[in-house]
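Peer 1: Okay, handing you the structure first.
Read the figures in this text as sums done on the coordinates, not as results from a lab. Note that the coordinates shown come from a computational prediction; the quantities given were computed from them, not determined experimentally. Cβ placement follows ideal geometry from the backbone for every residue including glycine, while neighbour counts extend to all protein chains displayed.
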Amino acid sequence: MTATNTHRAIDAVWRIESAKLIAGLTRIVRDVGLAEDLAQDALVAALEKWPEQGVPANPGAWLMATAKHRAIDALRRNSLLDRKHEQLGHELESKQESAVPDLHEALDDDIGDDLLRLVFMACHPVLSTDARVALTLRLLGGLTTDEIARAFLVPEATVAQRIVRAKKTLAEAKVPFEVPRGDELTARLDSVLGVIYLIFNEGYSATAGDDWLRPALCDDALRLGRILVGLMPNEPEAHGLVALMEIQSSRSRARVLPNGEPVLLLEQDRARWDQLLIRRGLTALRRAEQLGGSSGPYALQAAIAACHARARRAEDTDWERIVRLYDSLAQRTPSPVVDLNRAVAISMARGPAAGLTAVDRLLGEPKLKGYHLLPSVRGDLLAKLARLPEAAAEFERAASLTRNARERELLLERARSCAAGVRPTR
Amino acid sequence: MRVMVIVKANKDSEAGILPSEELLNAMTRYNEELVNAGVMLAGEGLQPSSKGVRVQFSGSERAVIDGPFAETKELIAGFWLFEVKSLDEAIEWVKRCPNPTGEESQIEIRPVFEPADFGENYTPEIREREKRLAEQIAARKQASTARA
């Protein structure tokens with residue numbers, strides 16, 4: 001094996017092992033920052049030794065054993081105790097005697113539990129959303145700071161600083177390394193699911209072109225979601241989130257034309273949807289429902305996505321069912337944006353007049369003030385109803401509200417054609 | 001990236017001899033590991049080629065040939081689909097697979113084509129569909145501006 005090959009193999013091993021390694025080490029040293037440093041040290045040792053000695057038969061165990069030794073050294077070395085405040089330092093020192101012989105067992109069982117504890121720690125509400133995202137990708141996704149920076153289009157230094165600060169915040173807040181229980185679990189799980197879905201959306205909202213790395217972010221989020229359902233197989237909303245991401249991912253090939261032009265859902269070539277991901281999504285959704293989670297917000301969104309996935313042609317879409325699902329979603333997580341989507345579904349199911357009635361109920365909604373999609377949807381429905389001057393005014397208003405140049409152009413075009421008395425073709 | 005991991009057949013798999021309980025358990029554990037790591041998208045074991053057929057194409061002719069087929073080592077006994085970050089990661093995972101026969105055996109890893117791999121060279125059918133779609137979208141835009 002050449003040195004380059006060995007380095008590539010080490011990268012791959014790191015990607016597979018780093019989260020487990022950091023999780024197991026955090027359990028011992030109770031400091032995620034220190035745990036990551038120890039894991040990194042083990043990686044450096046591998047980079048030194050493996051090119052000469054070859055990649056060990058069980059690389060994960062090798063890294064773990066090496067890191068374990070360093071952990072013990074770290075626990076013994078006073079200098080490292082400076083990282084902690086005095087009291088905790090003493091605690092560790094007194095623990096060390098009993099801790100050393102138990103390390104093997106401590107590390108070997110419940111790796112899954114440790115991973116889950118790490119997930120909850122990285123997504124702890126004491127951290128800002130940005131910090132949660134960065135830390136989750138770094139500690140659980142095995143991404144480098146540089147990869148995270150490129151994915152989120154921010155300077156690497158910003159991400160590095162975010163991660164350093166996040167670890168400090170966790171240490172200062174003495175966030176325990178544990179899976180929350182009872183009522184706390186629900187709220188904390190929301191944060192975990194929210195972080196994963198945010199990562200997914202960051203990738204999913206990117207179109208083609210220069211941003212080739214961002215679709216990879218969808219894959220990272222999906223992988224985190226799939227890992228999470230393995231760790232929490234009885235949490236319906238975890239399955240719901242995975243279902244939603246699998247089904248949305250199934251369309252990624254059909255969402256953009258080679259020239260970069262985005263293709264709307266109803267215009268997509270459904271033959272290009274990934275049937276394997278659709279099947280996996282539908283299975284995950286079924287699992288969420290079997291676990292009694294059909295009214296969870298992610299399960300409901302997945303169920304809406306599933307209505308599209310099941311329709312062979314756009315005109316086969318079961319819009320009445322989508323309206324009902326939006327009803328449930330609006331009940332569960334009231335939001336004017338959900339109401340607006342519901343209004344669109346109503347217009348598809350029952351015609352533009354019914355849709356307009358639903359949209360008009362949202363006109364006084366303060367949260368939608370300045371939201372360009374409200375006048376845009378309203379303009380579309382008015383145009384379909386041949387109320388063209390009103391439609392033109394709405395499109396113009398929508399154009400003045402959007403920040404996206406391409407979209408603004410499109411809206412102004414529609415405003416012009418309505419003003420000229422042209423009824424929409426669809 | 002998505003890869004297909006192909007387990008090659010051997011004498012036993014072709015003879016329909018089922019794996020030992022020990023191997024089955026090891027494989028089950030391995031599969032669990034793959035699923036828990038979020039890597040495995042799909043995977044199946046295949047019946048011996050004696051239960052399969054081949055459809056032979058020759059111009060417009062189609063002939064059905066019953067199994068079993070010779071060249072055992074070139075046959076497939078099972079496959080997985082993995083979603084991984086790199087081919088190296090797939091290699092790392094495959095190295096961890098229990099030896100599928102316990103003897104000399106081979107597992108092949110083949111990257112699946114991604115849309116980006118095609119570049120401009122889509123299949124003519126896909127290119128045609130996309131051209132039509134692009135035209136439809138352009139036509140709609142033009143209709144709204146031209147008449148404006």
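Peer 1: Straight-line reach from A:K367: which aspartates and glutamates have a Cα under 13 Å away, not including same-chain ones fewer than 8 places off?
Peer 2: Partners within reach: A:D339.
Peer 1: Going through region B:17-71, which GluC sites (Glu not before Pro) have at most 11 other Cβ atoms within 10 Å and a DSSP loop state?
Peer 2: Numbers: sites: B:E21, B:E22, B:E32, B:E33, B:E44, B:E61, B:E71; in loops: B:E71.
Answer by residue number: B:E71.
Peer 1: Name the helices (complete DSSP H segments) of chain A with a Cα length along the long axis of 15 Å or more and a Kyte-Doolittle mean of at least 1.0, or state none.
Peer 2: Details: long enough: A:3-29 (33 Å, 0.29); A:32-53 (31 Å, 0.06); A:59-76 (26 Å, -0.01); A:86-108 (29 Å, -0.97); A:111-122 (16 Å, 1.23); A:156-172 (24 Å, -0.28); A:182-204 (33 Å, 0.43); A:214-231 (26 Å, 0.61); A:236-249 (20 Å, 0.38); A:275-290 (22 Å, -0.39); A:297-310 (20 Å, 0.54); A:319-332 (19 Å, -0.64); A:336-350 (20 Å, 0.65); A:373-384 (16 Å, 0.54); A:388-401 (20 Å, 0.14); A:405-419 (21 Å, -0.67).
The qualifying helices are A:111-122.
Peer 1: Further, regarding this structure: Taking 26 Å as the cut-off for C-alpha to C-alpha distance, list the pairs among B:K73/B:K95; A:K174/B:K85; A:K49/A:K168; A:K68/A:K167 that go past it. Numbers along the way, then the final one.
Peer 2: Values: B:K73/B:K95 19 Å; A:K174/B:K85 34 Å; A:K49/A:K168 32 Å; A:K68/A:K167 21 Å.
Going by Cα-Cα distance, A:K174/B:K85; A:K49/A:K168 fall outside the 26 Å limit.
Peer 1: Would you kindly state how much longer the chain becomes between A:L276 and A:Q40 on full extension, computed as 0.36 nm times their sequence separation minus their alpha carbon distance, in nm to one decimal? List each step's numbers first, then the result.
Peer 2: Working: separation 236, 0.36 × 236 = 84.96 nm, distance 3.64 nm.
That works out to 81.3 nm of additional length.
Peer 1: Same structure again: Within region B:83-110, find all residues whose amide N lies under 17 Å from a label point positioned 7 Å from the Cα of B:K73 along Cα-to-beta-carbon.
Peer 2: B:100-109
Peer 1: Which trypsin sites (Lys or Arg not before Pro) in region A:304-341 sit in a loop by DSSP (not H, G, I, E or B) and have at most 13 other Cβ atoms within 10 Å of their own Cβ? Walk me through the intermediate numbers first.
Peer 2: On the way: sites: A:R310, A:R312, A:R313, A:R321, A:R324, A:R332; in loops: A:R312, A:R313.
Answer by residue number: A:R312, A:R313.
Peer 1: In terms of modelled amide H atoms, which long-range or inter-chain residues lie less than 5 Å from the amide H of B:G43?
Peer 2: Here the answer is B:L81, since their amide H atoms fall under 5 Å of that of B:G43.
Peer 1: At 7 Å along Cα-to-Cβ for each site, give me the label-to-label distance between A:R181 and B:R132 in nm.
Peer 2: 6.1
Peer 1: Quick check: pseudo-label points 7 Å beyond the Cα along Cα→Cβ at B:R54 and A:D360, how many nm apart are they?
Peer 2: Each label point is offset 7 Å from its Cα along the Cβ direction, giving 7.0 nm.
Peer 1: For peptide B:33-41, how many partner chain Cβ atoms fall within 10 Å of a residue's Cβ, on average?
Peer 2: Details: counts 2, 0, 4, 9, 8, 12, 4, 1, 8.
Shielding by partners across B:33-41 averages 5.
Peer 1: Here is a follow-up. What is the gain in length, in nm to one decimal, between B:R62 and B:R29 on full extension, counting 0.36 nm per residue of separation less the C-alpha to C-alpha distance? Before the final figure, lay out the partial values.
Peer 2: On the way: separation 33, 0.36 × 33 = 11.88 nm, distance 4.22 nm.
So the chain would gain 7.7 nm between B:R62 and B:R29.
Peer 1: While we're here: Within region A:141-241, which trypsin sites (Lys or Arg not before Pro) sit in a loop by DSSP and count at most 14 neighbouring Cβ atoms inside 10 Å? Can you show the working numbers first?
Peer 2: Numbers: sites: A:R150, A:R162, A:R165, A:K167, A:K168, A:K174, A:R181, A:R188, A:R223, A:R226; in loops: A:K174, A:R181.
Answer in residue order: A:K174, A:R181.
Peer 1: Evaluate the distance, in nm, between pseudo-label points positioned 7 Å from the Cα of A:D327 and of A:D190 along their respective Cα→Cβ axes.
Peer 2: 2.5
Peer 1: Still on this structure, please answer the following. Percent of alpha carbon pairs in the protein assembly as shown separated by more than 46 Å?
Peer 2: On the way: 41781 of 164451 pairs.
I get 25 percent for the Cα pairs in the protein assembly as shown exceeding 46 Å.
Peer 1: Just to confirm a number: summing +1 for Lys and Arg and -1 for Asp and Glu over residues other than B:K11 whose beta-carbon lies under 12 angstrom from that of B:K11, what do you get?
Peer 2: Working: positive: B:K8, B:K73; negative: B:D12, B:E14, B:E103, B:E104.
Computed value for this residue: -2.
Peer 1: Can you put A:C418, A:C307, A:C123 in order, fewest other beta carbons within 10 Å first?
Peer 2: Details: A:C418 28, A:C307 18, A:C123 24.
So the residues, fewest neighbours to most, are A:C307, A:C123, A:C418.
Peer 1: List the residues of region B:21-45 whose backbone N lies under 16 Å from a point placed 7 Å from the Cα of B:R2 along the Cα-to-Cβ direction.
Peer 2: Within reach of a label on B:R2: B:39-44.
Peer 1: Same structure again: What residues from region A:403-426 fall in the zone where the backbone N is under 18 Å from a label point 7 Å along the Cα-to-C-beta line of A:E267?
Peer 2: Hits in region A:403-426 for A:E267 at 18 Å: A:404-418, A:423-426.
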